[in-house]
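Colleague: Right, I'll just put the structure down here and ask away after.
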Amino acid sequence: MNYETLLVEVRERVGLITLNRPQALNALNSQLIAELNQALDRLEADPEVGCLVITGSAKAFAAGADIKEMADKGFPQIYLDDFFAAADRIAARRKPIIAAVAGYALGGGCELALMCDFIYAADTARFGLPELSLGVIPGIGGTQRLTRALGKAKAMELCLTGRQLHAEEAERAGLVARVLPAAELLERTLEAARGIAGKSLPAAMMIKECVNRAEEIGLAEGVRFERRLFHSLFASHDQKEGMQAFVAKRAPNFRHH
Ligand code: CAA
């Protein structure tokens, strides 16, 4: 399938999505969000894909939601359309998604990275939520996910001042899992994704669900939730295979069910 705003390929069980609107620094317009959901639908349905990577260009992961598309909208229209509701589907995916971020990740671009399961950042990456300068607030979960990721003090400062975090500070603050040299970002992210995709897919998806659940519920309920999913994996081929392979001192051959 051909997309106008994305490049999509599958390599060694990894689905790679490259945002591709260079003329607008990958600004997220409705078409890009719709195509991103279509691509994610297809990659999630593909049994030969175990992990996804979303990346942008060297200059911009994405410089925000598309300001030109939004500028003339009025309140009743944007409310009736529930504008950006489609973006919520990105965070609801089952398979692990890594964001490989170089350059600007501003506004909706930062929010898209936050919807992924973790972020690898190039040393050129810059994260920020500049919406207040446009007379609005973040609208794709930025105030919520940034606060959970960084705590109130930093999230409030970043949203109110629009200050950008460079990659090192983003890593220190817990927004980014690793900082990598820009030239190595994609290859090393794909390497991590291949590692995940080679493991048991049901177990990887359950780790994702458990960690995400930790942001929403209390500790005792979270541990109960985790324990039930742990128990359920004993119905999988991959649990038998993973444990038998360990005992037999051989490499496991996961079948992802
Ligand atoms: N929406 C639409 N177009 C954008 C855009 C955006 N978010 N960001 C950049 N572009 C366009 C520019 O208008 C420009 O187009 P033209 O060549 O047609 O003029 C092109 O991309 C290149 O951008 P610049 O010339 O501005 O590049 P630069 O290197 O001088 O500056 C930048 C880079 C600092 C990132 C600057 O482009 C910028 O400030 N962009 C906007 C950042 C922003 O405010 N993002 C938040 C958007 S609102 C949002 O995201 C709401 C939400 O929470 C959902």
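The values are calculated or read from the model by the stated rules, or taken from the named source; none is laboratory data. Note that the structure is predicted; figures quoted are calculated from it, not measured. Areas reflect the complete protein model, heavy atoms only, side chains present, ligands, DNA and RNA absent. Shrake-Rupley method; radii C 1.70, N 1.55, O 1.52, S 1.80 Å.
Colleague: What's the Kirkwood radius of the range 1-115 in Å, using all Cα pairs? Walk me through the intermediate numbers first.
Modeller: Details: mean 1/r = 0.0695 Å⁻¹.
Hydrodynamic radius (Kirkwood, Cα pairs) of the range 1-115 is 14.4 Å.
Colleague: Please report the antiparallel percentage of the DSSP beta bridges confined to the chain, to the nearest 5.
Modeller: 25
Colleague: Once phi is turned into θ = phi - 60°, what whole-Hz ³J(HN,Hα) does the Karplus curve with 6.51, -1.76 and 1.60 give for every residue of the range 142-148, x standing for Gly and Pro?
Modeller: Values per residue, Gly and Pro as x: x, 5, 7, 6, 5, 5, 5 Hz.
Colleague: Using only DSSP helix segments of four residues or longer, with each worth -39500 (n - 2.57), what per-residue ellipticity at 222 nm results for the chain after dividing by its residue count and rounding to 500?
Modeller: Roughly -13000 deg cm²/dmol at 222 nm, from the helical runs in the chain.
Colleague: Right, another one. Cα-based Rg (one decimal) and Dmax (whole number) for the range 138-257, in Å?
Modeller: 18.7, 57
Colleague: Taking a ≥ b ≥ c as the square roots of the Cα gyration tensor eigenvalues, with a/c under 1.5 meaning rounded and otherwise prolate when a/b beats b/c, else oblate, which class fits the range 75-122?
Modeller: oblate
Colleague: Right, next: Taking H placed 1.01 Å from N in the peptide plane, check which residues at least 5 places from Phe118 or on another chain put their amide H under 5 Å from its amide H.
Modeller: The answer is Ile97, Ala99.
Colleague: Another question, then. Which value, in Å to one decimal place, does the Kirkwood hydrodynamic radius take for the range 49-171 when every pair of different Cα atoms is included?
Modeller: Roughly 14.8 Å, rounded to one decimal.
Colleague: Just to confirm the number: angle between the C-alpha axis of helix 185-197 and the first principal axis of the chain, 0 to 90 degrees, nearest 10?
Modeller: Its long axis makes an angle of about 40 degrees.
Colleague: Right, next: Restricting attention to the alpha-carbon atoms of the range 144-191, what are Rg (one decimal) and Dmax (integer), both in Å?
Modeller: 12.6, 37
Colleague: With contacts defined as alpha carbon pairs under 8 Å and 6 or more residues apart, what's the relative contact order of the chain in percent?
Modeller: Contact order relative to length: 16 percent.
Colleague: Could I ask something else about it? Once you sort the root eigenvalues of the Cα gyration tensor of the chain as a ≥ b ≥ c, which label holds: rounded (a/c under 1.5), prolate (a/b larger than b/c) or oblate (the other case)?
Modeller: prolate
Colleague: A follow-up question, please. Give me the accessible area per residue for the range 1-126, probe 1.4 Å, as a whole number in Å².
Modeller: Working: 5580 Å² over 126 residues.
Per residue, the range 1-126 has an accessible area of 44 Å².
Colleague: Could you work out how much longer the chain between Asp46 and Glu191 gets when fully extended? Use 0.36 nm per residue separation minus the Cα distance between them, nm to one decimal.
Modeller: Extra length available between Asp46 and Glu191 comes to 50.2 nm.
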